[in-house]
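The values are calculated or read from the model by the stated rules, or taken from the named source; none is laboratory data. Quick caveat, the model's predicted, so the values are computed rather than measured. Neighbour counts are summed over all protein chains in view; Cβ atoms, including those assigned to glycine, are modelled from backbone coordinates with ideal geometry.
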Amino acid sequence: MLNIPFGSVRFCDGVSRRNFLKIGSLSFGAFHLTLADIFRAEAAAKKQGELPRTRHKAVINIFLAGGPPHQDMWDLKPDAPKEIRGEFNPIQTNVTGIQIGETFPRIARMAHRFAFIRSIVGARGGHDAYQCTTGWDQQSLASIGGRPSIGSAVWKLQGPVDPSVPPFIGLAERTQHQPWSDPGRSGFLGSTFAAFQPSGPDMQNMVLNATNKDCLPERKKLLAAFDDMKRELDYQGTLLAADAATERAFDVLTSSKLVEALDLSKESPKVRERYGDGKPYQYQYDGAPTVNEHLLIARRLVEAGARVVTLSYGRWDSHGRNFDLVRDHGAKLDQCLTALVEDLEARGMLDDVTVIAWGEFGRTPKINKDAGRDHWPQVSCAILAGGGMKTGQVIGSTDKDAALAKDRPVTFGEIFATLYHNLGINPETTTITDPTGRPQHLVDGKPLPELV
């Protein structure tokens, strides 16, 4: 633990006192590790040749927690009986032959930038993000900690783009039903490679333990204090004598790059307006709010150097008032998802960044007595963009009631193989050694040829 004198700071209680920053200790997963521990582990892995560096590709994984209704979004069945087709009409997109739900007019106007998968199979049926962050069933390798999520695997395989920005960041707000805010577990890789969570204790430890950020001096003063402190320590030879891993931890926590990426005040009002804020938050209950700005933050984090950013958007468990929920959540998602894709394209990032939005399963074909749809793991859907993929197409189909995959069933493993491929990792040959010394493949499946 490194204590850093910060000078005289006036706290919210009006008392001026000498404050000390304590940096270098972050909570990752179930264990309490210092950043120095993490960097030592990375250094050891690099010596073994396990952390090859590649160009900066990235994935933004948007988890639609609760199970979005596929037949009200990307796979409408207008010819089905009313108790199945529901209240929404299909609308034509800018790609001939592709129709989607009326709640998504912006996506319809730029459907050439999206790929719609209508036939995902193999959902376990649990209300959690596990399959949408790993591609595996939760029981796979459970005895040794489980499979690592894509973020943890990419961190292990590719390391950081920038030493001051974690490669794997989870933006999800903490939810009452905690599995819905799971950013992706590190599995058998251990807590060294767990997601950095800005909204949790990680950020609290990283910034300032002793005081709320709203009560700090202005940022310029703070950064100036850090600069003065660094010069003094360098003059004294303190940093030169420090363990190299501790010095890297110091660099992370005294760098403003991550904090700047999380600071939306740096964006123009016009950009923020295009994304929207997702308020008012409706139908949240025990799930995540519809924080549109998380998608904007995700783009900023990728620009700063993050390789995998996950977030949980909304609460789609529509056992009742399904159509009201989709009107609310769908319209907000329509706004921020298209803004993200347009933003990535305008910045020349779209071919390097893969965006995916999906949930843990679909919803029942038949509408229940509460105007809702219940759990339906038999088939689900996803929407993807970017990553250099062949977009402007639909993959797979379901039967007349959207109950079962009819053509081209797609597995979670195939989707994750595609994501890894887009990141520059060969999912068919790349392995990660587990704690028993055995090499484990990243996924069970090959990249979707329709996309790559």
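Across segment 148-183, the qualifying residues are those that are small (Gly, Ala, Ser) and within 19 Å of residue 261 (Cβ to Cβ), and the one among them that is surrounded by the most Cβ atoms within 10 Å (Cβ to Cβ) is 151. If you filter segment 79-108 down to residues that are without any contact (Cβ under 8 Å) to a residue 60 or more places away in the chain and in a helix (DSSP H, G or I), you find that the one that is farthest from residue 402 (Cα to Cα) is 108. Of all residues in segment 283-309, those satisfying the criterion of being under 30 Å from residue 320 (Cβ atoms) and surrounded by 17 or more Cβ atoms within 10 Å (Cβ to Cβ) are 283, 287, 288, 289, 290, 291, 292, 293, 294, 295. Quick one: count up the residues across segment 404-452 that are more than 21 Å from residue 145 (Cβ to Cβ) and not in a loop (DSSP other than H, G, I, E, B). Of the residues in that region, 12 qualify.
Set side by side, the residues 127, 112, 177 differ, and just one is modelled with pLDDT of 95 or more, within 19 Å of residue 384 (Cα to Cα) and not aromatic (Phe, Trp, Tyr), which is 112.
Do we find that residue 351 is more than 12 Å from residue 67 (Cβ to Cβ), surrounded by fewer than 19 Cβ atoms within 10 Å (Cβ to Cβ) and acidic (Asp, Glu) in this structure? Spelling it out, residue 351 is indeed more than 12 Å from residue 67 (Cβ to Cβ), surrounded by fewer than 19 Cβ atoms within 10 Å (Cβ to Cβ) and acidic (Asp, Glu).
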